[in-house]
1. Here is a list: A:Y176, A:Y151, A:Y164. Which entry is in contact with a Pro (Cβ under 9 Å, 6 or more places away or on another chain) and more than 25 Å from A:Y224 (Cα to Cα)?
2. Can you find a residue that is buried (at least 17 other Cβ atoms within 10 Å of the Cβ), of a type in the set (D, E), free of Cβ contacts under 8 Å to residues at least 60 places away in the same chain and not in a helix (DSSP H, G or I) anywhere in segment B:322-343?
3. Restricting attention to segment B:421-438, and to residues there that are without any contact (Cβ under 8 Å) to a residue 60 or more places away in the chain and loosely packed, with under 15 Cβ neighbours inside 10 Å, which single residue is farthest from B:K170 (Cα to Cα)?
4. Within segment A:130-186, count every residue that is β-branched (V, I, T) and not in a helix (DSSP H, G or I).
5. Considering each residue of segment A:114-139, count those that are surrounded by 13 or more Cβ atoms within 10 Å (Cβ to Cβ) and over 20 Å from the mean Cα position of the chain (by Cα), and give that number.
6. So B:R302 fits all but one of (1) within 29 Å of the chain's Cα centre (by Cα); (2) within 30 Å of A:N205 (Cα to Cα); (3) more than 10 Å from every other protein chain (Cβ to nearest Cβ); what number is the exception?
Amino acid sequence: MFRKSIIGLLFVSIMISCNSSVENPTDGVKDNFNRQEMLSNWADNIIIPAYEDLNADLNDLVIKKNEFLQTPDPSHLEAIRNSWMNAYETWQYVEMFSIGKAEDINYAFQMNIYPTNIQDIQNNISTENYDLTHVNNNDAVGFPAVDYMLYGLEAGEEALLDAYTSSNLSMQNKAYLSDLIDQMQSLTEMVLNDWKLGYGDAFVNSTSNTATSSTNKLTNDFIYYFEKGLRANKFGIPAGIFSTTPFYDKVEAFYHQEASKALSLKALQAVQDFFNGKAYGVEGTSDSFKTYLLYLQNGTEDVNLSSLINDQLNKAKSSIESLNNNYSAQIKTDNTKMTQAYDELQKAVVLLKVDMIQAMNISVDFVDADGD
Amino acid sequence: MNGSLSTYLNKDANGAPLAVFRISFGLMMCFSLVRFWYHGWIEKLYIQPIFHFKYYGFEWVKSFGTYNYLIFILCIAAALCVALGLKYRMAIITFFLSFTYIELIDKTTYLNHYYFISILSFLLIFLPAHAFFSLDNTLNKKSYAHVPKWTIDSLKLLISIVYFYAGLAKINSDWLFRAMPLKIWLPSKYDLPLIGGNLMQQEWFHFAMSWSGMLYDLSIPFLLVYRKTRIFAFVLVVFFHLFTRVLFPIGMFPYIMIISALIFFDAGLHEKIIRLLRSMLKPFSINWTSPKVISAYRFSNRQIILPIILLFFGFQILFPFRYLFYKNELFWTEEGYRMSWRVMLIEKMGYTTFKIVNEKTGNSFLVDNSEFLSTFQEKQMSFQPDFILEYAHFLGDHYSSLGHKNVQVFAESYVALNGRLSQQFIDPATDLYRKNDSFKSKHWILPFKDEIKGF
């Protein structure tokens, strides 16, 4: 009985006394992981450069749009279309960061809600009375709306150009296209400036382990994007996983028709790069989930979770690469390949949402009741 | 044998400890409920959800929507009356019934310390906690200086059972030889001042905390009972519970345990506390006639009360061992896991989705859980088989009522336990809609691909 209490006392005193003696790093103890470096890497090497690039691309899109509206002919149409595609690909790197200003203004909802709502767009165009920031217009703005305006407004390139020249709605069509693109650029600039002029610092300094700290929020965002933005929106919903039938018309870039695969591969690349801490646009990697997991699992008998996740992401990539560029066609001719791509992504979701979250001991979303 | 038992049952003790316990229990419960209200959890946990997980046998317990606030008001009022010792018996019964009813509304919010409060308040129904220093004394014009010793000892016994069983639960290979789950939980507290960046990250510390936690739980009842070690034990109690409070979001539990541990102290301390309370109340005291002091409280119906208490403790001692009737790994299947003082023992996370299949056509679709469950509910459901089964039935009924035919419900579920890689949890080929809940083993839970030895 007394021996037990002495052992207990011993442990307690060891705990208390060792408080002061672990400053010495040379006796083989685990170094603490520098979370602030990870946050800096995220902000300075990935997030802000991606936004810079997107902003530049959207500025270019504005220019191409103005030139097109000035001279609506096939070559200018091609120029604006290419610019749109370029910006759309860059967008894939940024959609997952629903934090800070982007979260406040529901940035992603104003940039990439699809399928776009043709009735709402037509209504806006004809009434000439619309507030693009209103939540009811989320499905009538952004990249998908521009997709419709540049590819789906009329069938065939000639008819499409007519919509901007000879149609009796040509002025309104032009106005709407212009407003859409201007809005996208202005929102992006707003988010970018917020990151550069203050939020970036706040982000990097929010290092505590609370539900609202940067690490927790961004991890939740990352996983939410993977589950919803990538897995469900690009694959699950169109392939009919969540419904009794597939929806070939709910794919991303439905009107372009051949862009869905390119966009989803970019999105997957963005996810994998972020996981590995790869800098945006340039060579070099730094701290991110991959290294954090390696630190957390150092010395345990557990499997290397980081490599498991990368392996699974690679498998998902091959599965997606085997698909038709045109997802609508893929769904109509052989939907099982879409569901297979979905399944591979789903396996990655489990590794991220269960294994990675458990290792990092982050609460998935806000469950602020007592635990026991 | 019988002689010494009846001698013991007839022994008297100073009534002060029981009074102090009653007052502190009532006040803490009051505070705890108001705190719960203040955080908006009544709304979030009991009113907002469209679906509630039910306890086996208590499916009839309903949420009353906005009227749930009335139950809380009733409970708070009862707790206040308990503290004051006003109409004590009615108050404590009301408290027990209203508190337990609230807990029964949704299994999602099960916490070991809510269970503790329920059974503690049940026990208090049968104890004469109003015998001393209570408003009932003033109203009935009678006060009792002594109560039967076993009434105070029964509280000590209950608290000892909680600690000891919590300690037993920690005697398992994951806790002691893998330092799990502390090895996950402690490093994540990297923002604690002084120790967050260094001590909490060290592996030896994880093991030290695991072992000392186990030893603490097992030994603390004995250390509290022995007079010579009592003060040292109380220091340990305060340290342990405050430390865990800093580490984990466990609400009122640490304070309840610290205050409850006072019951082990001699009457002298409690009389001092009561004198202190009297002096604080002096400015408010009206000139009521002092109650007549009778020496000892006597039960009028002891022959009914004692067997109930006996059954109660028999249940408390045996119930946590029901897991032995099930073959598979307890931490995996959780058959017999709840209500057995397995407190903060495992780290378990799951991901569970459901597929609705038309048996005849083979058409299927996945359910979006967020349509029916809150994030908290989905989290709890994802790794507890009884929740999964209940939810599967709800989905089956729901989609059948929407017109879907030949509805089958399959679960795709992955669970990670104590840092192991996630494994498939539920047999994806079992139509859960056809399975019913019972005390029998659930064969549709896939076997655990590892071994955990111990309790």
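1. A:Y164
2. Within segment B:322-343 (the criterion being buried (at least 17 other Cβ atoms within 10 Å of the Cβ), of a type in the set (D, E), free of Cβ contacts under 8 Å to residues at least 60 places away in the same chain and not in a helix (DSSP H, G or I)), the answer is yes, since at least one residue qualifies.
3. Here the residue is B:R434.
4. Within segment A:130-186, residues that are β-branched (V, I, T) and not in a helix (DSSP H, G or I) number 2.
5. Final tally of qualifying residues: 12.
6. Only one criterion in (1) within 29 Å of the chain's Cα centre (by Cα); (2) within 30 Å of A:N205 (Cα to Cα); (3) more than 10 Å from every other protein chain (Cβ to nearest Cβ) is unmet by B:R302, namely (2).
Listed here are the residues, each with its yes/no results for (1) more than 9 Å from every other protein chain (Cβ to nearest Cβ); (2) touching a residue at least 12 places away in the same chain (Cβ under 8 Å); (3) in contact with a strand residue (DSSP E or B) (Cβ under 8 Å, 6 or more places away or on another chain); (4) surrounded by fewer than 20 Cβ atoms within 10 Å (Cβ to Cβ).
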residue: B:P187; (1), (2), (3), (4): no, yes, no, no
residue: B:D191; (1), (2), (3), (4): no, no, no, yes
residue: B:G196; (1), (2), (3), (4): no, no, no, yes
residue: B:F205; (1), (2), (3), (4): no, yes, no, no
residue: B:A208; (1), (2), (3), (4): no, no, no, no
residue: B:I220; (1), (2), (3), (4): no, yes, no, no
residue: B:F234; (1), (2), (3), (4): yes, yes, no, yes
residue: B:H241; (1), (2), (3), (4): yes, yes, no, yes
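Okay, residues lined up against (1) outside the structural domain of B:S260 (by TED's automatic domain parsing); (2) among the β-branched types (V, I, T); (3) in a helix (DSSP H, G or I); (4) within 28 Å of B:I304 (Cβ to Cβ):
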residue	(1), (2), (3), (4)
B:T108	no, yes, yes, no
B:I119	no, yes, yes, yes
B:L127	no, no, no, yes
B:F133	no, no, no, yes
B:H146	no, no, no, yes
B:D153	no, no, yes, yes
B:I161	no, yes, yes, yes
B:F164	no, no, yes, no
B:D174	no, no, yes, no
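The values are calculated or read from the model by the stated rules, or taken from the named source; none is laboratory data. Note that the structure is predicted; figures quoted are calculated from it, not measured. Quick reminder, even Gly has a Cβ in these numbers, built from the backbone with ideal geometry, and neighbours come from all protein chains shown.
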